[in-house]
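Colleague: This structure is in structure tokens; I'll ask about it shortly.
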Amino acid sequence: MGEQRNHAKETVMRMPVDEDPGLPVLAPEEYHRQVVEWNATEVARPVTLVHVQVAAQAAERPDAVAVTNGTRSLTYADLDADAGRLARCLREAGVVPEVAVAICLPRSIELVIAMLAVFKAGGTYVPLDPEHPDARLEYMLTDCGAPVLITTDDVRARLSVPEGVRVLRPDARGIDPVDAPVDPGNLAYVIYTSGSTGRPKGVAVAHAGLANLVAWHLDSYRIGDTDRVGQCAAVGFDASVWEIWPALAAGATLHIAGDDERLRPDLLLNWLADNRITVTFLPTPLAAEVVKLPSPPGLVLRALLTGGDRLGERPRSDTGYELINHYGPTEASVVTTAGVVPRRTGSWRAPSIGRPIDNVRTYILDHALRPVAIGVSGELHIAGTSLARGYVDSPGLTAERFVPDPFATRPGERMYRTGDLARYRPDGAIEFVGRIDSQVSIRGVRIETGEIEARLREHPAVAEAVVAARVDERENTYLVGYVTPATGGAIDVDAVREHLVNHLPGQMVPAVLVPLRRFPVTSNGKIDVGNLPVPESSGVETPRDPLEDLVAAIWALVLDLPEPGQIDIHANFLTLGGHSLRAHQVIARVNATFDIDLSARALFGAPTIASFADVVRHAGTPGRIETVTRLARQVDEMSDDEIERLLAEHSTVDHPSAKGWEGEQADELNRG
């Protein structure tokens, strides 16, 4: 670093006085190391499209299991045949290369068949998560311009499908299978991410980028036909691309985890062991919980892949699998960098995001697109085969984010401006620092606060809106929405929240809405975000009735809160440490306990114990609620000795109070 510092000083001294030296100037050797040596990732290999590889597996190993959900399995021969016959229906509906096909199905075998069918027809699949609000699904369906929608009758009944769009059931089959020719430059899929304009934006990725991801993955993790790969990511999350296609291209068996298993770390580890999963991806928050737990008997997992958020955990010293941290925006075909996370030792440093994968280059640059010194933060840029084509019908935004690559050795190459701050470590590993724009990451989901602000301003009672990220004392990041009234009157916060719940995914709904008469401004008249008030608690109101007591117990168990009876019933689920994964865990326990059928949207729409208990009260039957709450009180009133005797006499039931009951109590509950 001394040589580099002296070189920088000499360079600056030779500059004209009106030339801004910017960040430290790199010595030629350091420039070469960063731009050339650390980006020597080129691997020459033929581009084999993923559906061609799946077809080859079907021909070579037709009876091998391709995909299973635990109760139903599909062989490679059946997967290939079903997808080919569905592809025939798609071709008859006009699907050819560059034509989008929307798929709105839950995580299922049918989803995998539909995706493969779109590839065989030559089209571009657009995954839409049926758990998202209807208005958001309808917007994406219209925006992507898909002439065909594959979905179930139930989802079809919910949506206002644009005129002219043909709807196919997932079990539609033509007489003869089809396998249309596709070029590596053709689009493979479009995935929607949060957009700063108030609407989600579609990222269009070509087959070449997907094929590179798959080839790198198979080489790096040695995936073969004896592997069992977990599928846990949500439908609209680009990690599902990474889970599904490398596994099927390798001839491995793809295991689709149930919602209960994929959202609870303890159940998930047991599921991985019971199904002998060898490789799986988990989003950062879930992986961070899993690596804290001891491995159950029978666990044969050798690689736990994670990414999507800043990782703050390392594997236990006795863990038998490797934890590999990854980084990559949707705009770069899922994965850009990867690095093995060392096991826990006496010293501590946050894990890096690793180094660029095959045929991908990374640059950390200043505002003038110059490489910055090691240890200095700059904007992370990505180049190479993985880059997406751009944003659907958004040439201006595409040109803004995908810019010419000044370091390219071939003309016409581009690089993607990520908006992420990063810095190099001395060994070339990259350390994620944060964001430089209005985008924030909430539990692994990248969110444009501008999209939320635009939705807030759509409400007739709101004049202006600002959304900011806050961090609580438990280091949980949550969103706060600040609004000013349109007419000078009061704002009905509950009505505004309901408006957001109807248009945004749960993780994008601010945990707190703060009405203000006016926003603080800077000297130049801009909103002074730094001086917006931090939400303060108005005191703690504890649970007021047995149902609120039981809801508080469930929340405390899922959120790892020590005293359920001391939780403020008006505190927001998100500010208590909740996020989308934990919301699903709460819903699963509530549904099982009260024998009801709520979705995670119900929790995001009623995010306090007081409001959520009302939702449960209206969804459940009075007899069931009365029986459950009474039995929960009986269990809570037992002495430790009585609890031990009860557990010794009967198998433990996963009850929200974490004390369980069985026998006569369970019989009474079943009667209730």
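Colleague: Return only the number of the condition from (1) within 30 Å of Val235 (Cα to Cα); (2) in a helix (DSSP H, G or I); (3) at pLDDT below 80 that Gly577 does not satisfy.
Modeller: Gly577 satisfies all of (1) within 30 Å of Val235 (Cα to Cα); (2) in a helix (DSSP H, G or I); (3) at pLDDT below 80 except (2).
Colleague: Of the conditions (1) polar (S, T, N, Q); (2) modelled with pLDDT of 95 or more; (3) farther than 30 Å from Ile175 by Cα, Gln53 fails just one. Which one is it?
Modeller: All conditions are met except number (3).
Colleague: Go through region 449-471 and give me each residue that's crowded, with 19+ Cβ neighbours inside 10 Å, without any contact (Cβ under 8 Å) to a residue 60 or more places away in the chain and in a strand (DSSP E or B).
Modeller: Val462, Ala465, Val467
Colleague: So, one more: Got a sec? Which of Pro177, Pro170, Pro162, Pro130 is farther than 18 Å from Val203 by Cβ, touching a helix residue (DSSP H, G or I) at 6+ places or on another chain (Cβ under 6 Å) and either among the β-branched types (Val, Ile, Thr) or without any contact (Cβ under 8 Å) to a residue 40 or more places away in the chain (or both)?
Modeller: On the way: Pro177 fails: either among the β-branched types (Val, Ile, Thr) or without any contact (Cβ under 8 Å) to a residue 40 or more places away in the chain (or both); Pro170 fails: either among the β-branched types (Val, Ile, Thr) or without any contact (Cβ under 8 Å) to a residue 40 or more places away in the chain (or both); Pro130 fails: either among the β-branched types (Val, Ile, Thr) or without any contact (Cβ under 8 Å) to a residue 40 or more places away in the chain (or both).
Answer to the check: Pro162.
Colleague: Pairs needed: first member in region 41-64, surrounded by 20 or more Cβ atoms within 10 Å (Cβ to Cβ); second member anywhere, at pLDDT below 95; C-beta distance under 7 Å; at least 6 residues apart or different chains.
Modeller: Ala55/Asp179
Colleague: So which residues in region 559-605 are among the acidic types (Asp, Glu) and over 26 Å from Ala469 (Cβ atoms), if there are any at all? Break it down into steps so the answer makes sense when it comes.
Modeller: Of all residues in region 559-605, those among the acidic types (Asp, Glu) come to 560, 563, 568, 595, 597.
Selection gives Glu563, Asp595, Asp597.
Colleague: Another question, if that's okay. So, Gly328, is that one surrounded by fewer than 23 Cβ atoms within 10 Å (Cβ to Cβ) and within 20 Å of the chain's Cα centre (by Cα) or not?
Modeller: no
Colleague: Report, by residue number, each residue of region 196-215 that is small (Gly, Ala, Ser), over 18 Å from Leu305 (Cα atoms) and crowded, with 20+ Cβ neighbours inside 10 Å. Quick ask: steps written out before the conclusion?
Modeller: Narrowing region 196-215 to residues small (Gly, Ala, Ser): 196, 198, 202, 204, 206, 208-209, 211, 215.
Applying the additional criterion that residues be over 18 Å from Leu305 (Cα atoms) yields 196, 198, 202, 204, 206, 208-209, 211.
Of everything in region 196-215, those that are small (Gly, Ala, Ser), over 18 Å from Leu305 (Cα atoms) and crowded, with 20+ Cβ neighbours inside 10 Å turn out to be Gly202, Ala204, Ala206, Ala208, Gly209, Ala211.
Colleague: In addition: Output the number of the condition that Asp78 fails; it satisfies all remaining conditions of (1) touching a residue at least 40 places away in the same chain (Cβ under 8 Å); (2) in a helix (DSSP H, G or I); (3) farther than 18 Å from Val241 by Cα.
Modeller: (1)
Colleague: Being under 19 Å from Ala556 (Cβ atoms), part of a loop (DSSP other than H, G, I, E, B) and touching a residue at least 12 places away in the same chain (Cβ under 8 Å) is the filter here, so list the residues in region 584-612 that pass it.
Modeller: Answer for region 584-612, where residues must be under 19 Å from Ala556 (Cβ atoms), part of a loop (DSSP other than H, G, I, E, B) and touching a residue at least 12 places away in the same chain (Cβ under 8 Å): Leu598, Pro607, Thr608.
Colleague: Could you tell me whether Gly375 is part of a loop (DSSP other than H, G, I, E, B), more than 17 Å from Tyr327 (Cα to Cα) and without any contact (Cβ under 8 Å) to a residue 60 or more places away in the chain?
Modeller: On the way: part of a loop (DSSP other than H, G, I, E, B): yes; more than 17 Å from Tyr327 (Cα to Cα): yes; without any contact (Cβ under 8 Å) to a residue 60 or more places away in the chain: yes.
Here the answer is yes, as Gly375 does meet what is asked.
Colleague: Filter region 511-529 down to residues that are at pLDDT 85 or above and out of contact with any Ser or Thr (no Cβ under 7 Å at 6 or more places or on another chain), then give me how many there are.
Modeller: Summing the residues that are at pLDDT 85 or above and out of contact with any Ser or Thr (no Cβ under 7 Å at 6 or more places or on another chain) in region 511-529 gives 3.
Colleague: When the residues of region 465-507 are narrowed to those that are of a type in the set (A, V, I, L, M, F, W, C), under 24 Å from Tyr192 (Cβ atoms) and touching a Ser or Thr at 6+ places or on another chain (Cβ under 6 Å), which ends up modelled with the lowest pLDDT?
Modeller: Looking at the filtered set, the residue picked out is Ala469.
Colleague: Given the conditions (1) under 20 Å from Gly185 (Cβ atoms); (2) without any contact (Cβ under 8 Å) to a residue 60 or more places away in the chain, which single one is not true for Val334?
Modeller: Evaluating Val334 over (1) under 20 Å from Gly185 (Cβ atoms); (2) without any contact (Cβ under 8 Å) to a residue 60 or more places away in the chain leaves (2) as the failure.
Condition check ((1) buried (at least 20 other Cβ atoms within 10 Å of the Cβ); (2) in a loop (DSSP other than H, G, I, E, B); (3) within 24 Å of the chain's Cα centre (by Cα)) across all residues:
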site	(1), (2), (3)
Ala388	yes, yes, yes
Gly396	no, no, no
Ala408	no, yes, no
Gly412	no, yes, no
Met415	yes, no, yes
Thr418	yes, no, yes
Ala422	yes, no, yes
Phe432	yes, no, yes
Ser441	no, no, yes
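Colleague: For region 110-153, which residues satisfy the criterion of being modelled with pLDDT under 95 and either over 24 Å from the mean Cα position of the chain (by Cα) or among the hydrophobic types (A, V, I, L, M, F, W, C) (or both)?
Modeller: Once the filter is applied, which keeps residues that are modelled with pLDDT under 95 and either over 24 Å from the mean Cα position of the chain (by Cα) or among the hydrophobic types (A, V, I, L, M, F, W, C) (or both), region 110-153 yields only Ala135.
Colleague: Condition (residue is under 15 Å from the mean Cα position of the chain (by Cα) and of a type in the set (D, E, K, R)) applied to region 277-297: is it met by at least one residue?
Modeller: Within region 277-297, none of the residues are under 15 Å from the mean Cα position of the chain (by Cα) and of a type in the set (D, E, K, R).
Colleague: Could you identify the single residue in Leu263, Leu282 that is surrounded by 24 or more Cβ atoms within 10 Å (Cβ to Cβ) and under 22 Å from Leu557 (Cα atoms)?
Modeller: Working: Leu263 fails: surrounded by 24 or more Cβ atoms within 10 Å (Cβ to Cβ).
Criteria check complete, one pass: Leu282.
Colleague: Here is a follow-up. Go through Ala121, Ala100 for me and flag whichever is crowded, with 20+ Cβ neighbours inside 10 Å and under 17 Å from Trp245 (Cβ atoms).
Modeller: On the way: Ala100 fails: under 17 Å from Trp245 (Cβ atoms).
The match here is Ala121.
Colleague: Condition first: free of Cβ contacts under 8 Å to residues at least 40 places away in the same chain, among the β-branched types (Val, Ile, Thr) and not assigned by TED's automatic domain parsing to the domain that holds Pro28. Can you find one or more residues in region 401-422 that meet it?
Modeller: No, because not a single residue in region 401-422 is free of Cβ contacts under 8 Å to residues at least 40 places away in the same chain, among the β-branched types (Val, Ile, Thr) and not assigned by TED's automatic domain parsing to the domain that holds Pro28.
Colleague: Say whether the condition of being among the hydroxyl-bearing types (Ser, Thr, Tyr), touching a Leu at 6+ places or on another chain (Cβ under 6 Å) and either crowded, with 22+ Cβ neighbours inside 10 Å or part of a loop (DSSP other than H, G, I, E, B) (or both) is met by at least one residue in region 481-495.
Modeller: yes
Colleague: Might you check whether a residue that is surrounded by 21 or more Cβ atoms within 10 Å (Cβ to Cβ), at pLDDT 95 or above and not in a helix (DSSP H, G or I) occurs anywhere in region 216-226?
Modeller: Initial filter on region 216-226 (surrounded by 21 or more Cβ atoms within 10 Å (Cβ to Cβ)): 216-217, 223.
If we keep only those that are at pLDDT 95 or above too, we end up with 216-217, 223.
Then keep just the ones that are not in a helix (DSSP H, G or I); that gives 223.
Looking through region 216-226, at least one residue is surrounded by 21 or more Cβ atoms within 10 Å (Cβ to Cβ), at pLDDT 95 or above and not in a helix (DSSP H, G or I).
Colleague: Scanning region 580-615 for residues that are basic (Lys, Arg) and at pLDDT below 85, which turns out nearest to Asp134 (Cα to Cα)?
Modeller: Initial filter on region 580-615 (basic (Lys, Arg)): 582, 589, 601.
Filter once more, so that each one left must be at pLDDT below 85: 582, 601.
Numbers: Arg582: 22, Arg601: 12 Å.
So the residue we want is Arg601.
The values are calculated or read from the model by the stated rules, or taken from the named source; none is laboratory data. Keep in mind that what you see is a predicted model, and the values were worked out from it rather than measured. Every residue, glycine among them, receives a Cβ derived from its backbone with ideal geometry; neighbour counts consider all protein chains shown.
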